[in-house]
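What follows is a single structure, written as structure tokens, with notes after it.
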Amino acid sequence: MKKNNSTQFTSLHRVLHGIIGGLMLVLFLTGFLRMYWMNKNKIVSIIESKAQNTPLSQDQMVDIARTIREPMWQWHQYAAYVIVVAFLLRIIYMFVKGIKFPNPLVKNPSMKEKAQGWIYLVFYVFLAVSMVSGFYMKWIDGDWNKTMETVHKWAIYWFPLFILVHFAGILMGELTDKKGIVSKMIGGDSKQ
């Protein structure tokens, strides 16, 4: 794989970056809502407190909670299918065009390049693990379901951390040797 250190971002690179970023936001928000604000047990307890004089069974209340959350969950699943395609296209694109972030495995990279490379590699591994664990839970009814669910839920923690690190890196780049990187990522390189 060839190494490409330029900060020129092709249209395809920028589109894939935007799609993956947008879909990760949808996946994070729908997962967060499902786990916390729209947790099935919380919805059931609200139904219980509001319907004290209405004879609803626990199963009926759980069914109501699931029905309320279903459209949000469909968005999560649709976003997951699309992000898999975008992720695979991004990986193929990186192999065809060359790596777009510093390779931390080469000899004598700067500390900054080494950190950037490791952050991106960890991000791609975590994203792949999140996809595999999500699809395992969806399509395979196996002995690893609980483990996969736990691993899948880790995204609630690593995603915001990655965003903070990503924006800190952008800020550092803008303030040091990568001035204009945000403009190039959004609008492309005017020299293309």
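Any read-out appearing in this document is the output of simple, stated calculations on the displayed coordinates, not a laboratory observation. Everything quoted here is computed from the prediction, not taken from an experiment. Cβ: placed from backbone, ideal geometry, glycine included. Neighbour counts: every protein chain shown.
Assorted remarks:
- Rounded to 10°, Cα long-axis angle of helix 111-139 versus longest principal axis of the chain: 30 degrees
- Radius of gyration, Dmax [segment 1-93; alpha carbons; angstrom]: 20.3, 69
- Cβ-derived FRET efficiency at R0 22 Å, PHE135 paired with GLN74, nearest 0.05: 0.90
- The chain: most fluctuating residue of LEU121, LEU29, LEU105 per GNM, C-alpha cutoff 10 Å: LEU105
- Cα-based helix-to-principal-axis angle, 155-175 vs the chain, degrees rounded to 10: 30 degrees
- Global dimensions of segment 140-185 from alpha-carbon coordinates: Rg and Dmax equal 17.5, 50 Å.
- In the chain, the calculated helix contribution to ellipticity at 222 nm averages -25500 deg cm²/dmol per residue, counting -39,500 (n - 2.57) for every DSSP H run with n ≥ 4.
- Fully extended contour minus Cα-Cα distance, from SER110 to ASN41, at 0.36 nm per residue: 19.9 nm
- Within the chain, the proportion of Cα pairs with more than 21 Å between them is 61 percent.
- The convex hull defined by the C-alpha atoms of segment 101-192 has an orientation-averaged projected area of 8.5 nm².
- Label positions at VAL182 and ILE92, each projected 7 Å from the Cα along the C-beta direction, are separated by 3.3 nm.
- Helix axis angle, 40-50 relative to the chain longest principal axis, alpha carbon, degrees: 40 degrees
- Expressed as a whole percent, the proportion of Cα-Cα pairs in segment 68-124 lying more than 13 Å apart is 69%.
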